[in-house]
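Chemist: Pasting a structure here, questions to come.
The values are calculated or read from the model by the stated rules, or taken from the named source; none is laboratory data. As the structure is a prediction and not an experimental result, all values here were calculated from the model. Quick reminder, even Gly has a Cβ in these numbers, built from the backbone with ideal geometry, and neighbours come from all protein chains shown.
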Amino acid sequence: MSVPVPPYVEGHQLLAGKSVLITAAAGVGIGFAAARKAVEEGCRAIFISDIHERRLGEAAQKLEEIGSGIPVFQQICNVTDEDQVQSLVAAAEDKLGGIDVLINNAGLGGLKNVVDMPDDEWARVLDITLTGTMRMTRAALKVMIPRKAGTIVNNASVLGWRAQKGQSHYAAAKAGVMAFTRCSALEAAEHGIRINAVSPSIAMHDFLKKASPQEELDKLAGREAFGRAAEVWEVANVMMFLASDYAGYMAGEVVSVSSQRA
């Protein structure tokens, strides 16, 4: 039996005066939920990226409608391409007048047992999910360090802590994101920059429903204490907290957004 989804949490100006850059922010997943929450939390400007041009344009239009005058910028970016990463960060620095918050949301999953895992599938999941997070962080730190300010929030997963069949590539990548968050946070803290991560369990959205068998999704959701999957905005809420000044003394933390024991 599942507990009903709580009412949507309205904005409380947590990001007032801050600019935000978010990767993989098109579509219906956590990325767009984070972009919407950033606008609702009063950010002064937002820049979103994705690899899907049409969905990116639609996402930007929705944010403009929600934002009531908050500047919204967009650019295609594949985080496996260093030139595109550099171009995105340079454009965001210019359009936003400096990046205050970076949310690294880009990632790729899949379902494949190790015995059937081809090298290219393993490498692609790690390149997007782990190395992509590193590329974006590296580029952002180069512009944040001279200002001695900035916040980075990475999207990890509880699979970085616990095991699930068919998820060795994704789990390895997300465990890497967790370790990368902790280590890079120590380096960044010396410059007044905070790096933390969220670690969701299962957050339901239409793309996930298309990519995974419904029976498997129902089984995973049923294990949660509330008997349901998280809403994407429930994960985005925690991202907003980590991006805000309320989390001012947090560095290298991986916050579980899950009702299930890690």
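Chemist: Considering only residues that are among the β-branched types (V, I, T) and in contact with a strand residue (DSSP E or B) (Cβ under 9 Å, 6 or more places away or on another chain), look in segment 67-110 and name the one that is nearest to A33 (Cα to Cα).
Modeler: Looking at the filtered set, the residue picked out is I103.
Chemist: For the structure I just gave you, tell me whether V79 is closer than 23 Å to D245 by Cα and either in contact with a helix residue (DSSP H, G or I) (Cβ under 6 Å, 6 or more places away or on another chain) or of a type in the set (A, V, I, L, M, F, W, C) (or both).
Modeler: Against the criterion (closer than 23 Å to D245 by Cα and either in contact with a helix residue (DSSP H, G or I) (Cβ under 6 Å, 6 or more places away or on another chain) or of a type in the set (A, V, I, L, M, F, W, C) (or both)), V79 does not qualify.
Chemist: Go through the residues of segment 111-119 one by one and say whether even a single one is among the β-branched types (V, I, T), within 23 Å of A38 (Cβ to Cβ) and at pLDDT 95 or above.
Modeler: No - not one qualifying residue is present in segment 111-119.
Chemist: Does segment 181-198 contain at least one residue that is under 23 Å from A33 (Cα atoms), part of a loop (DSSP other than H, G, I, E, B) and either at pLDDT below 95 or not β-branched (V, I, T) (or both)?
Modeler: no
Chemist: Follow-up. Quick check on this structure: which one of A106, A123 is buried (at least 21 other Cβ atoms within 10 Å of the Cβ) and within 30 Å of L159 (Cβ to Cβ)?
Modeler: When all the criteria are applied, what remains is A106.
Chemist: How many residues does segment 144-168 hold that are free of Cβ contacts under 8 Å to residues at least 60 places away in the same chain and not in a loop (DSSP other than H, G, I, E, B)?
Modeler: So the answer is 9.
Chemist: Which pairs turn up if I take residues in segment 96-114 that are on the phi < 0 side of the Ramachandran plot and look for partners that are assigned to a loop (DSSP other than H, G, I, E, B) and buried (at least 17 other Cβ atoms within 10 Å of the Cβ) with beta carbon separation below 6 Å, at least 6 apart in sequence or on another chain?
Modeler: D100/K18; V101/K18; N104/T23; N105/T23; N105/A24; A106/T23; A106/A24; A106/V79
Chemist: Report, by residue number, each residue of segment 82-103 that is of a type outside the set (D, E, K, R), out of contact with any helix residue (DSSP H, G or I) (no Cβ under 7 Å at 6 or more places or on another chain) and buried (at least 18 other Cβ atoms within 10 Å of the Cβ).
Modeler: L88, A92, L96 - these are the residues of segment 82-103 that are of a type outside the set (D, E, K, R), out of contact with any helix residue (DSSP H, G or I) (no Cβ under 7 Å at 6 or more places or on another chain) and buried (at least 18 other Cβ atoms within 10 Å of the Cβ).
Chemist: If you don't mind, another one. How many residues are modelled with pLDDT of 95 or more and acidic (D, E) if we restrict to segment 207-262?
Modeler: Summing the residues that are modelled with pLDDT of 95 or more and acidic (D, E) in segment 207-262 gives 3.
Chemist: Could I ask something else about it? What are the residues in segment 13-58 that are polar (S, T, N, Q) and at positive phi, if any?
Modeler: Within segment 13-58, Q13 is the sole residue that qualifies.
Chemist: Taking only segment 34-77 into account, find how many residues are within 17 Å of the chain's Cα centre (by Cα), outside any helix (DSSP H, G or I), surrounded by fewer than 24 Cβ atoms within 10 Å (Cβ to Cβ) and among the aliphatic types (A, V, I, L, M).
Modeler: Residues meeting the conditions: 2.
Chemist: Which residues, counting only those in segment 157-199, are crowded, with 17+ Cβ neighbours inside 10 Å and among the polar types (S, T, N, Q)?
Modeler: S157, Q167, S168, T181, S184, N196, S199
Chemist: Quick one: K148 ticks every box in (1) in contact with a Lys or Arg (Cβ under 6 Å, 6 or more places away or on another chain); (2) modelled with pLDDT of 95 or more bar one, so which box is it?
Modeler: (1)
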